[in-house]
Amino acid sequence: MDNPVKEKTSIRVLCRNIVLIKNEVGLQWLIGSPFFPAVTIVSTFRCLHTLPSKVLSPNYLQEAEDLRTLLLRGFCLIGALIAEKNPRLEENARDAIDASIRMRKLLYGDGGELGCQNLIGAVADSDSGKVCFYVSRSEDSTSIETFTSVFYDDQPEKYVWENGCLLRCELGFKLPFCFPVNHSTDPKEIFKCATESIIAKFKDSQVVYMVEILKRTQTPEKGSRPVIFRCSDLDFHRNLSKVELLSDKFGGSDAKSLTCSYFCSESKPVSSYNFVETADIIEVSLLLNRSGKPQTATAPTAEYFPALEEARVSVLEFKLDVLCYAAKDLPLKYAVSSLIIPGLIDQLTSMKKAVLPHLLVQHPQLCPYHFSPPGVLHPITVIYELRYGETEMKQVEVRRSLHIRLGLPLNRPLLRTVNALKFSTLENDRSSLIRKGSPLLKDVHIGLPSSGVSGGLVSLVQGSYEYYHYLQDGFDDSGWGCAYRSLQTIISWFRLQHYTSIDVPSHREIQHSLVEIGDKDPSFIGSREWIGAIELSFVLDKLLGVNCKVINVRSGAELPEKCRELALHFENQGTPIMIGGGVLAYTLLGVDYDEASGDCAFLILDPHYTGSDDLKKIINGGWCSWKKAVDSKGKTFFLNDKFYNLLLPQRPSMV
Amino acid sequence: MVKAVVGDETQLKLAEDRLSQSAVYSQVGLVIGKLNSRLDRGFVFDLIPTPVNDGGEPPCSVAESFRDDKKKGSKGKATADSSILVIDKDWVAEHARQVSRMLMGGVKVIGIYIWVTDSLFKNSTISLCQTVKGVAEAASFMEADLDERLLIHISYSPRRWTCRNCMLTANITSSSLRTCDFKMGRVLSSLQTFRCMYNFDLRLPICHENASNARTLGNVLQHGISAHAKELDDAKAMVDGTLVAEDEPCTSDGLHEVELLLPFIKDASAQGCNRKDVGGVLVFHGSVCSFAYLNSKEPISQAVADIKGDIITSLRSRLDIVCDETDGDSTLDVGIEATNVMSNVPTPHLNLQELRKTCSLSFPRRVFVPWLAGTYICDYIQPSETLEVVKEHCVELMSIEAPTDASMILQPEREAAPLVSIGSFWDVAVFSHSASSSDFPSANNNKINADRKEISKKSIKKADFNTIAALLALLLSILVGSLLYFNGS
């Protein structure tokens, strides 16, 4: 691997900006990859477990345990960053390097399966946010050098995904084990042996690894044929940093020297969004070769061994799911032996640890999920316990601390199971089936021409929503259902943002919940009575637990004055706003506001549309469009003699 | 439905010559070959006449003895019209059952042939169809979708071969028969040979369920084999080191080695036992050597399917042999064994839920006898038997002479070596399944091995104590019993 440090002292930072919170004091782990030049920072993980009262002293064991699960094989710890008030640069950098040396020992063993590498010690001033980088050339902190230049990459996704791909191995198995009822031998010891025997089997001579491209569509693609690796083909002692990357796509004619690029599509454009969805994913499966040498064959025998003391069987179910990152030039056999197999062992080991305390009571249902949260360049793996509901406090706490570790906002659910990456074609099919049931248009405002406000600042709804309007689903609500439809659009936003999993309620269900809370009489159900902003806030509170802010204006002419407040709402909350009041109800998706001139426009989604779900018709008819308070013909959109209530749903502070 | 059938020209010519020279009036026998429902084709390898039954009677005869009239032209014909064919259906079915045990890898009893006049054939179609059905039941295919067999009629005046396909419906009528396109061609000489040495190691826990539900060793094995058949279904395969894709033809010649790749530990056998007490573990392990023969028109995946089917069939056949044998024994020994019933129960019929001691049941080993054009048939030898048995079977069932040179017979499987003396319950129960047969009984993982030894030591001590206690109790009861007896007298 080339080592640019020797030539020039320049560091490459791929994460957009190192996540620093003002005045935050603490330690962050710097993440790199053995496939990148040695001083390339891909992301940072905040250190969460520290010794009591010492923010800068990590609890190494706990941190290692967490990072081992979280970090994909193919990425590794390459240093640490210390953020402090008035830092003593060199001293703090040494501390950071020492911390990362200790951490690497825990994660990668004493010899270091990744080999010796230049470690980075970074120091940040928590007041100014200024970061200085140091590097240690040897595996200790005695001699450190500072970097003269720091290079921030503009297109980090491109850097990571043009040269790399993902490998995935899913392995489910049932592990039965027997233990004496009187505990004359500790069941935990027996269980440990049983898991160790499984780990040993990953490298057993009978195990065969089948490598193929993940099929994303049901129709069989004419692609590369699967490649088989026997355990005897694999080299378990080769240091990943010493593996030679082969740029030759086919590595000669030998299947054993094929590289990952054999399964990767040629030069696919890397989009900055959804990189995982476009990335090449190679699937690895474990199989047992049951065929042996003819010399060792013996005719079958059945033998019965009675238990001479009372014994009991317990069957534990394991679901391993390992995701790894590899350079496309990495030979496949090393991807299996140095990424997939250690990944499987790590995951099984951490699951074993989680199961042990509950061995003979109720077994936890552990399930790994992979996420690709926005702003984090690489996917991460999380093991969730599925026995509890997702909204259970314990699970919320788990997600909260993950959000903190990754520097994710604490009011956006980004790591729920619905956010997880989906790989199998079956899962995709299932979600498309659901979509067939509700062929609703999403995000109709995208691609609209600009509002015509010169020099205005556009603030829009954040995230997806579905467009609900009159006469949908064959339900005739023309003339009275506009507020219901606006509410449905708002609830769909909460659904699509994963704040809730409830279905979007029908008119009747909305009426029912208003009766239930005592706001309306039972006769209200099935009626054609209008509802307003206040009723909407009741329903949102009842069904989603969402609070709302209400803005009242006595006349439509006052609305432009509220533009600054509305813009702020879209920046901070990003939820769709319902406009109700004296006359018609609308959904407000954004504002375009020029502070200097006071010129403004409102992005209105109109629920009074009665046509079919045809985007062209909707856009041409102006059912979703920018409306100026006063248009070029002098017509006002909001009526001066009517009052308006604006309902601003507040984004729940939850993860 | 099979529409076209090709018969091996060399073998069928020989069979035809044999029939015409034998001057028998009628003959029934088995059709050996392959049926491929996906290709709608049948391949006939050979015809095997059914031998005379235990009473020395031929399996088929004409109801009235007009055999002398055979040559008397018009008169003979007239009498033949009124006579009917009598077939010993059960005997033909039994022949099929035993022959099917000796066939392997896709080669099967695919129907019957009959050598009679046209008129007799027409008179006896129902009886023939019933014979076909009986044969199909006795030598059933693993694949349930193949519900048809062949009925080949060789008529001697005029000399003509007709092949009909007989649908195995619930009530067979003459409408179940359809004529297929039949021709002679190269079949045996174009076969491709596939070989697989399959190792397995099943650990079947025996749970304490309701005691009334007796589970004999034979039952448990039967279930175990069926469960394993499902597992084997999912297996992928490599032929000569390359993964087999669907519908690929076999392009290279020579012997092809098949390797079966099973899902990593998908052992469902312990599933029903979760959180239950176990009485013991039944370890069923060993190897099956298997062959399959592929016609050049069939895809390579067919050979893999044939190998998989053959492995399961071979296990089932061996279990049947072991069970049959002991069935025979127990009926013979009824008079003698009254004294000590419990210890004389044949091993396959032992109720495992009550059994408190180790026991082992060795399966017969499979040997391979050269057959036609470089192919092999197989037979099974019990530990107590010699190759003479095989030779007998060849003559009786297949009507071939076994090679006098014993080295011509392939014996890839060694005699089963029970491990009971080496291990104990804890040795086998720590691994409820094992990948390597090599890690059993001499595990390479020392730590685990040490742990196991400790466990087994403990259990042995306990066992010793138990036996001593039992002996003491027995002694005590004898003493008390004899005291009472003497007091009484």
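The values are calculated or read from the model by the stated rules, or taken from the named source; none is laboratory data. Because the structure is a prediction, the values reported are computed rather than measured. Reconstructed Cβ throughout: ideal geometry from the backbone, glycine too, with neighbour counts over all protein chains shown. Protein only, heavy atoms only, side chains kept; ligands, DNA and RNA dropped before computing areas. Shrake-Rupley method; radii C 1.70, N 1.55, O 1.52, S 1.80 Å.
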* To do: Convert each backbone phi in segment B:229-241 into a coupling constant with the Karplus relation 6.51 cos²θ - 1.76 cosθ + 1.60 (shift: θ = phi - 60°), then list the ³J(HN,Hα) values in order as whole Hz, x for Gly and Pro.
  => 4, 5, 5, 5, 4, 7, 5, 8, 9, 10, 10, 6, x
* Structure fact -> So the carbon and sulfur contribution to the accessible area of segment A:126-201, 1.4 Å probe, in percent, is 48
* Let me know the mean shielding of A:193-203 by other chains, meaning the per-residue number of their Cβ atoms within 10 Å of its Cβ. => 5
* Stretch gain in nm, segment A:Asp521-A:Asp233, where the contour uses 0.36 nm per residue and the Cα spacing is subtracted -> 96.1 nm
* Structure fact -> Rounded to the nearest 100 Å², the accessible area hidden between A and B, summed over both chains at a 1.4 Å probe radius, is 6500
* Which value, in Å³ per residue, describes the convex hull spanned by the Cα atoms of segment A:538-655? -> 136
* Asked: On average, how many beta carbons from a partner chain sit within 10 Å of the beta carbon of a residue in A:167-175?
  -> 3
* To do: Round to the nearest 0.05 the FRET efficiency obtained for A:Ser653 and A:Phe475 when R0 = 25 Å and r is the Cβ-Cβ distance.
  => 0.15
* What's the extension gain from A:Val550 to A:Glu90 if we count 0.36 nm per residue and subtract their Cα-Cα distance? -> 160.3 nm
* Structure fact -> Losing no less than 40 Å² of accessible area (probe 1.4 Å) relative to the isolated chain, the residues of segment B:356-392 are B:Arg356
* **For peptides A:634-641, B:2-9, sequence by mean Cβ density within 10 Å, most packed first** => B:2-9, A:634-641
* Asked: Which pairs, out of A:Lys130/A:Lys562; A:Lys203/A:Lys293; A:Lys353/B:Lys236; A:Lys203/B:Lys230; A:Lys130/A:Lys442; A:Lys256/B:Lys230, put more than 30 Å between their alpha-carbon atoms?
  -> A:Lys130/A:Lys562; A:Lys353/B:Lys236; A:Lys130/A:Lys442; A:Lys256/B:Lys230
* List of segment B:189-203 residues, accessible area with partners at least 30 Å² below that of the chain alone (1.4 Å probe) -> B:Met197, B:Asn199
* Asked: When the accessible area of segment A:440-578 is split by element with a 1.4 Å probe, what percent falls to carbon and sulfur?
  -> 48
* Asked: Given the Cα atoms of chain A, and with Rh set as the inverse mean 1/r over their pairs in the Kirkwood sense, what is Rg to Rh to two decimals?
  -> 1.03
* Cut-off under 5 Å, modelled amide H: who pairs with B:Leu355 long-range -> none
* **Portion, in percent, of the accessible area of segment A:39-112 that falls on carbon or sulfur, probe 1.4 Å** => 49
* **Evaluated at q = 0.20, 0.22 Å⁻¹: base-10 log I(q)/I(0), Debye formula over Cα of segment B:115-166** => -0.72, -0.82
* Structure fact -> Expressed in angstrom, Rg and Dmax over the Cα atoms of segment B:1-46 are 12.7, 39
* To do: Taking only protein heavy atoms into account and a 1.4 Å probe, give the accessible area per residue of chain A in Å².
  => 43
* Asked: For segment B:88-172, what is the accessible area per residue in Å² when the probe is 1.4 Å?
  -> 35
